[in-house]
Amino acid sequence: MEKVTHAPHDHYDAEASKIGMWLFIFTELLLFGILFVIYSVYRYLNHDAFHLAAAELDTFTGAVNTLILLVSSMTIAMSVTALQKKNKPLTLLLNGITFVIGVVFLVNKYFEWGAKFDHGIFPGSATLTETLSQGEILFFGLYFIMTGLHALHIIIGLVFIAVVMWKVAKGKVHAERSALLENSGLYWHLVDIIWIFLFPLFYLIV
Amino acid sequence: MQSTNAVNQANYLEYRGRFKGLFGWIFSTDHKRIGLLYLYSMAVMFSVGVLLGLAMKLELLAPGKTIMDAQDYNATFTVHGVIMIFMVVVPGLPAVFGNFLLPIMIGAKDVAFPKLNLLSWWFYVAGVFLVLAALLFGPGTPDTGWTFYAPYSFKTGTNMLPAIFGAFILGFSSILTGLNFLVTIHRMRCPGLKWSKLSLFVWTLYGTAWIQLLATPVVGITLVLVALERLFGVGIFDPALGGDPILYQHLFWIYSHPAVYIMILPAMGAISEIIPTFSQKHIFGYKAIIVSTMAIAFVGYLVWGHHMFTAGMSGTAQYYFSLLTFLVAIPSAIKVFNWISTMYKGSINVQTPFYWAVSFIFVFMIGGLSGLVLGALAANIYVHDTAFVVAHFHYIVFGGTGFAFFAAIHYWFPKIFGRMYDKAWANIGWIVFTIGFLTLYSPMFYLGMMGMPRRYYDYLEEFHGGNILSTFGSWILATGFIIIIVNLVRSARRGEKAEMNPWKGKTLEWTVPSPPPVENFDKIPEIAENDGPYNY
């Protein structure tokens, strides 16, 4: 008997993939949206404490991270164009740059968090609960939750980009089947735009 | 009908793909097999939930300790709630009948993302095992109630973390199913099948999918925050660190009230399919049902505060939440009106699914109207956290979604398994179950009005009579449930072969053989200008 393949699974619909990705992005926006709501409520209730605590954050590292994330969004957008122009090496290069920048972001984050830990500022620490006010505890709690969850999304984005690069290299993602690369771009832009809101809320409003 | 398509030679139950036996099912991306995987896993979890419910009723047979003490009773209602809500009624009709029927009803071969669909089921199973792990291992069974209210949920010494992560993963499964259905309905309708020609079950799945997508992330992040609170003490919900437990209740109900509509909308969709078929008449007010479905989906987001009238909220907020709660009752009432009008002057064919559908309307009306008592501010204060509330939401969730589920399984059973069940036993099962249901929950309205609080293993002597009646009802209900299950399981194996269209339905699933072939259609159907799902 001849081998039968299950045809629907070879079905390719770029429009459907993109709608699917946008819907997923809605869910991510709601996930972070709720955290932003909590932030606003507690900021309203603990106005002065949030000012005090925000002054502790390192604006320079935050600014550097903002800048490099913006650049990475540009490079991933360029990689989509490169793929459409059928320039595979350039696509891989631009994706590679995006990936490296993502890693650099995480390294910066690591040192930033590490410095806070050295000062004894982490959830549940003695310094936090004994010397700081409730508003400041909430600020740092939210800071670690929101930047931590964002960092987790960076990691997921990096895995996504790595998979797409592998598929581009294998020739499974190409100019006619570019939806996966475009979706990884959409996801990366989402991660980027969430940071665009996190940065002023935590670092700049002091 | 002998199929010309190579894959379609076999029906989906007999088809041999890459794997055989069990693996042929749990690794199958066929939407019909996934629907059945959900059916079987949910049937198991539902049975566990029923047993826990029976244990609770047995405990309440007499005042004082009957079979368990307070701590065990708390654990029992927690686990009963978590299982019934997160594993049975929330996935409920979309996961079983939505998966099975949605592609066929829109003339497609499968959903938009078949692998993602299988992944959803795997997430479901992972969530189930995580929650079960919380019961079997660790320092004690969760005892917070299914709502996981802060601050108790991060203070209690019981094994909360696996239960919370389990609920989170079940939510993820729900999101992926919703996403899949939305894309499927948008992209995969067959030629000529305009939005105005979709069958109503598909429309309700569409409304439900939006709620699944937009409400579930809220509870997802809320559960993560509770877990972080437990692990690290971040302070968001901990009053000792400046947080606010009431905020938890808001965030929880922002999801969990819309979740009620995730449960009930597809149930209404199934009823909207069954009533026209057994009345052999066009559904009355097709557009009104669609508009009211979408209205429920939208307004349902804005009423969560009515769960918290006694929790501490400004008077202004209470007025708005109460008003919106009354508003959300209107679209449901419109649907009831439409179903009744559909029957008017129809040629009614009284069969088991029709019995279930009509009794659905009956219990749903009682549940809905008692909901208005709870939505009114003054009455709410009086019956808040009493047995009245328990009776109300069981009339809606069990009487609504549960009855619709049984209606749906009796309606689509011949299509799914290609065999017909024993109709006499099915009718007996229905009448016993319904009598049991009414005997079990009706006394709880009275008990609640008299002031019996919920969530206690003990009660005052004056409540004894009502509780005996209620416990007695739980045994009748269990008997009915056993009759139904035995009849269906036996018939799935040995029932008579069913025809392609035993009920003379007009929707697309009745145009394919029973059981459907692997790819549903040999040729993708085309809907002519004058065709429609209810043109009798």
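Data table
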{"read-out": "Degrees, to the nearest 10: B:403-417 long Cα axis against longest axis of chain B", "value": "30"}
{"read-out": "Nearby aspartates and glutamates by direct alpha-carbon distance to B:K194 (threshold 13 angstrom, same-chain neighbours under 8 apart not counted)", "value": "B:E526, B:E529, B:D531"}
{"read-out": "Part-to-part distance (alpha-carbon centres) for the stretch A:12-45 and the stretch A:159-184, which is given in Å", "value": "23"}
{"read-out": "Contour excess over end-to-end distance, with Cα ends at B:E496 and B:W122 and 0.36 nm allotted per residue", "value": "131.3 nm"}
{"read-out": "Amide H partners (placed H, <5 Å) of B:T386, local residues excluded", "value": "B:R454"}
{"read-out": "Extension reserve of the A:Q84-A:E15 stretch, reckoned as 0.36 nm per residue once the Cα distance is removed", "value": "23.2 nm"}
{"read-out": "Peptide A:137-145 - average C-beta neighbours from other chains (10 Å radius)", "value": "5"}
{"read-out": "5 angstrom amide H check on B:R419, placed H, neighbours 5+ away", "value": "B:A498"}
{"read-out": "Contact order relative to length of chain B, as percent, for alpha carbon pairs under 8 angstrom and 6 or more apart", "value": "19"}
{"read-out": "J(HN,Hα) series, the stretch A:21-31, from Karplus relation 6.51 cos²θ - 1.76 cosθ + 1.60, nearest Hz, glycine and proline x", "value": "5, 4, 4, 5, 5, 3, 5, 5, 5, 5, 4"}
{"read-out": "Computed helical MRE - 222 nm, the protein assembly as shown, DSSP H runs ≥ 4 contributing -39500 (n - 2.57), nearest 500", "value": "-23000 deg cm²/dmol"}
{"read-out": "At most 11 other Cβ within 10 Å, DSSP loop - chymotrypsin sites (Phe, Trp or Tyr not before Pro), the stretch B:348-392", "value": "none"}
{"read-out": "Rounded to 10°, Cα long-axis angle of helix B:245-279 versus longest principal axis of chain B", "value": "30"}
{"read-out": "For chain B: rounded, prolate or oblate by the Cα gyration tensor [a/c cutoff 1.5]", "value": "prolate"}
{"read-out": "Formal net charge of residues neighbouring B:G448 (Cβ-Cβ distance under 13 Å; K, R +1; D, E -1)", "value": "+1"}
{"read-out": "3J(HN,Hα) from dihedral phi, the stretch B:453-466, Karplus parametrisation 6.51/-1.76/1.60, rounded to Hz, x for glycine, proline", "value": "x, 7, 6, 10, 7, 10, 7, 6, 4, 5, 8, 4, x, x"}
{"read-out": "Theoretical FRET efficiency, 1/(1+(r/R0)^6), r = Cβ-Cβ of B:M313 and B:F337, R0 35 Å, to 0.05", "value": "0.60"}
{"read-out": "Prolate/oblate/rounded label for the stretch B:398-443 (Cα gyration tensor, a/c 1.5)", "value": "oblate"}
{"read-out": "Between the stretch B:141-199 and the stretch B:393-456, the alpha-carbon center distance in angstrom", "value": "23"}
{"read-out": "Shielding by partners, peptide B:236-243 (average Cβ within 10 angstrom, other chains)", "value": "6"}
{"read-out": "Degrees, to the nearest 10: B:387-396 long Cα axis against longest axis of chain B", "value": "10"}
{"read-out": "Other-chain or far-sequence residues with amide H under 5 Å of B:L193's (modelled H)", "value": "B:I527"}
{"read-out": "Residue-by-residue Karplus 3J(HN,Hα) for the stretch B:179-194, coefficients 6.51, -1.76, 1.60, Hz, glycine and proline x", "value": "4, 4, 5, 4, 5, 4, 5, 6, 9, 10, 5, 6, x, x, 8, 6"}
{"read-out": "Of the trypsin sites (Lys or Arg not before Pro) in the stretch A:87-188, those whose Cβ has at most 12 other Cβ within 10 Å and which sit in DSSP loop", "value": "A:K172"}
{"read-out": "Theoretical FRET efficiency, 1/(1+(r/R0)^6), r = Cβ-Cβ of B:H464 and B:F232, R0 51 Å, to 0.05", "value": "0.60"}
{"read-out": "The stretch B:301-359 versus the stretch B:88-122: alpha-carbon centroid distance in Å", "value": "26"}
{"read-out": "Cα shape, the protein assembly as shown, gyration tensor, a/c 1.5 rule", "value": "oblate"}
{"read-out": "Inter-site label distance for A:I196 and A:H51 at 7 Å from Cα along Cβ, in nm", "value": "2.9"}
{"read-out": "Förster-model FRET efficiency, 22 Å R0, A:A77 and A:I25, C-beta, rounded to 0.05", "value": "0.90"}
{"read-out": "Charge sum, other residues only, whose C-beta stays under 13 Å from B:W146's C-beta, Lys/Arg counted +1 and Asp/Glu -1", "value": "+1"}
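Any read-out appearing in this document is the output of simple, stated calculations on the displayed coordinates, not a laboratory observation. What you are looking at is a predicted structure, and each value in this text was computed from that prediction instead of being measured. A quick note on method: Cβ atoms are made from the backbone with ideal geometry, for glycine too, and the neighbour counts reach across all protein chains shown.
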